[in-house]
Amino acid sequence: MTKLPLQALLLLLLSLISSTTAEIKTLTITSDSRPMILFEKFGFTQRGYVSVSVSSVSVTSSANAPNPDASRLGFFLLSEEALLQVLLEIQQNPHFCVLDSRYIQRLFTFADLSPPPLSRFNRTYPVSSPNEYSLFFSNCAPETRVSMNVRTEIYNLERDDSRDYLSAGLTQLPSLYTFFSILYLAFLGCWIYVCYTNQRSVHRIHLLMSGLLLFKALNLICAAEDKHYVKVTGTPHGWDVLFYIFQFIRVVLLFTVIILIGTGWSFLKPFLQEREKKVLMIVIPLQVLANIASIVIGETGPFIQDWVTWNQLFLLVDIICCCAIIFPIVWSIRSLRETSKTDGKAARNLAKLTLFRQFYIVVIGYLYFTRIVVFALRTIAAYKYQWVSNAAEETASLAFYLVMFYMFRPVEKNEYFILDEEDEEAAEIALRDEEFEL
């Protein structure tokens, strides 16, 4: 079995990246020797345009290498359908230059640059065939390093000739996020009403849950404004900063609330055990790291050399956090199961066990859907329907919030803790017959 050349591996890896919001970007490439650099991945309509401007271009080669051929370095567009054909060409000839492929849409090479010392080029190209394209820079000159300033603008024209800088499959995101932010604000209003009418049953955890709803709504509002301004102007106008701030607070609050509910803090016990504190002390710093990685991923792009590493770091930290928040729920279930054998309160313990086991299932379902199913949707959906994965993720999140808040709502007589003699006898039998293993 023959190994894929480096160019083919890079193309295959970069092809897995989902469409981006092609806001106007000004980038600096410094002494870069990569054979392939992906700048953007964008879904075009029938009236799509890509504008590329390069300046201060310099190409240096090693002492033993011949002078590089300027036509061996350049920019091109590659559609999803043509990707396999290009990969096949590279596999058949490892020394094949992508710029020579008949399956790409070549934009320009360094042979088109103005003479030094300016060494610049600027042109806008129409894309009349609707599809998802990737904007690449290719360096087919061996042992050469490239430095340059690059400015890209990628957009579709609307019917009124206004520019839409969001990919064809993401242009619905501002409306989508606005809709869900309204739902969460309404949810927050209902939650405040429930807490107000059941003040005697309100615990500290319920106040944290209120904060979680507030910051989720604010996060969605900032996301909607961010995407709106990128859509119409190509820049987020500072809304991205607010988005990342509220996203960080919201994610930390979400993991904290799940952990504290899993431990039974405030509504079952007023304190945390040492091992539960350690979980919090692990998860919160990891979420700080995950949000730093998220900012790097969102605000840069695949053109930076460590972009794939930041993606891997984000994925690893997210997996660790998702595993960590399960432990307190498991510990609570085991503790309640042991307690039920000695304290003589069978009905109450059965109710608590039922509640925590249901919560365990809900959390596992939420994590599975938002991490695996949403990723699968994002991967297999046609470029025109990339927004569907965002809608599915927000719908699943709202459903999870609704179930979690309903299960642990403040009520005078919680259905799980209503006791009578018949319940006590039935619970004793149930606890003997079922071990509540996960």
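The values are calculated or read from the model by the stated rules, or taken from the named source; none is laboratory data. Predicted model, so just to flag it, every value in this text is computed and none were measured. Cβ atoms come from the backbone with ideal geometry, glycine included; neighbour counts cover every protein chain shown. Just so you know, the surface numbers come from the protein's heavy atoms only, side chains and all, with ligands and any DNA or RNA stripped out. Shrake-Rupley method; radii C 1.70, N 1.55, O 1.52, S 1.80 Å.
Tell me, please, whether a residue that is under 21 Å from L214 (Cα atoms) and part of a helix (DSSP H, G or I) can be found in the range 276-284. Checked the range 276-284: at least one residue is under 21 Å from L214 (Cα atoms) and part of a helix (DSSP H, G or I). One residue stands out among those in the range 87-115 that are assigned to a loop (DSSP other than H, G, I, E, B) and either over 28 Å from G48 (Cα atoms) or aliphatic (A, V, I, L, M) (or both): the one that is most open to solvent (accessible area, probe 1.4 Å), which is H95. Here the range 79-129 is the region considered, the condition is being among the acidic types (D, E) and in contact with a strand residue (DSSP E or B) (Cβ under 8 Å, 6 or more places away or on another chain), and the residue that is nearest to N139 (Cα to Cα) is D112.
For the range 162-189, a tally of residues being touching a Phe, Trp or Tyr at 6+ places or on another chain (Cβ under 8 Å), hydrophobic (A, V, I, L, M, F, W, C) and not in a loop (DSSP other than H, G, I, E, B) returns 3. When I249 is tested against (1) open to solvent by less than 30 Å² (accessible area, probe 1.4 Å); (2) at pLDDT 80 or above; (3) in contact with a Leu (Cβ under 9 Å, 6 or more places away or on another chain), exactly one condition is not met: (1).
Within the range 298-323, the residues that satisfy the criterion of being of a type in the set (S, T, N, Q) and more than 30 Å from G365 (Cα to Cα) are T300, Q305.
Take the conditions out of contact with any strand residue (DSSP E or B) (no Cβ under 6 Å at 6 or more places or on another chain), open to solvent by 10 Å² or more (accessible area, probe 1.4 Å) and at positive phi and apply them to H237. Does it pass? Yes: the conditions hold for H237.
Failed condition for L260, given (1) under 30 Å from W331 (Cα atoms); (2) surrounded by fewer than 19 Cβ atoms within 10 Å (Cβ to Cβ); (3) touching a Pro at 6+ places or on another chain (Cβ under 9 Å), with all others met? Condition not satisfied by L260: (2). When we screen Y244, Y196 for residues that are aromatic (F, W, Y) and within 19 Å of the chain's Cα centre (by Cα), the only hit is Y244. The sole residue among A427, A376 that is among the small types (G, A, S), open to solvent by 30 Å² or more (accessible area, probe 1.4 Å) and either at pLDDT 85 or above or over 40 Å from the mean Cα position of the chain (by Cα) (or both) is A376.
Using the structure shown, decide if K216 is part of a helix (DSSP H, G or I), touching a residue at least 60 places away in the same chain (Cβ under 8 Å) and of a type in the set (K, R). Against the criterion (part of a helix (DSSP H, G or I), touching a residue at least 60 places away in the same chain (Cβ under 8 Å) and of a type in the set (K, R)), K216 qualifies.
Of all residues being open to solvent by 50 Å² or more (accessible area, probe 1.4 Å) and outside any loop (DSSP other than H, G, I, E, B) in the range 121-160, which is farthest from T235 (Cα to Cα)? Just the residue, please. Outline the logic, then answer.
Of the residues in the range 121-160, the ones open to solvent by 50 Å² or more (accessible area, probe 1.4 Å) are 122-124, 126, 128-130, 142-143, 145, 149, 151, 158-160.
Applying the additional criterion that residues be outside any loop (DSSP other than H, G, I, E, B) yields 122-124, 126, 145, 149, 151.
Details: N122: 20, R123: 20, T124: 19, P126: 21, R145: 30, N149: 19, R151: 13 Å.
This residue is R145.
Helices (runs of 4 or more DSSP H) fully within the range 287-369 that include at least 1 residues being at pLDDT below 75 and open to solvent by 70 Å² or more (accessible area, probe 1.4 Å): 326-339, 346-368.
Identify all residues within the range 370-387 that are farther than 19 Å from I320 by Cα and part of a helix (DSSP H, G or I); write none if there are none.
Once the filter is applied, which keeps residues that are farther than 19 Å from I320 by Cα and part of a helix (DSSP H, G or I), the range 370-387 yields A376, L377, R378, T379, I380, Y383, K384, Y385, W387.
Selection within the range 191-226: residues that are basic (K, R) and modelled with pLDDT under 95. The member of this set that is most open to solvent (accessible area, probe 1.4 Å) is R200.
What pairs can you find where one residue is in the range 183-197 and farther than 15 Å from K216 by Cα, the other is assigned to a helix (DSSP H, G or I), and their Cβ atoms are less than 6 Å apart, with a gap of 6+ or different chains? Once the first residue is farther than 15 Å from K216 by Cα and sits in the range 183-197, its partners that are assigned to a helix (DSSP H, G or I) give C195/H206.
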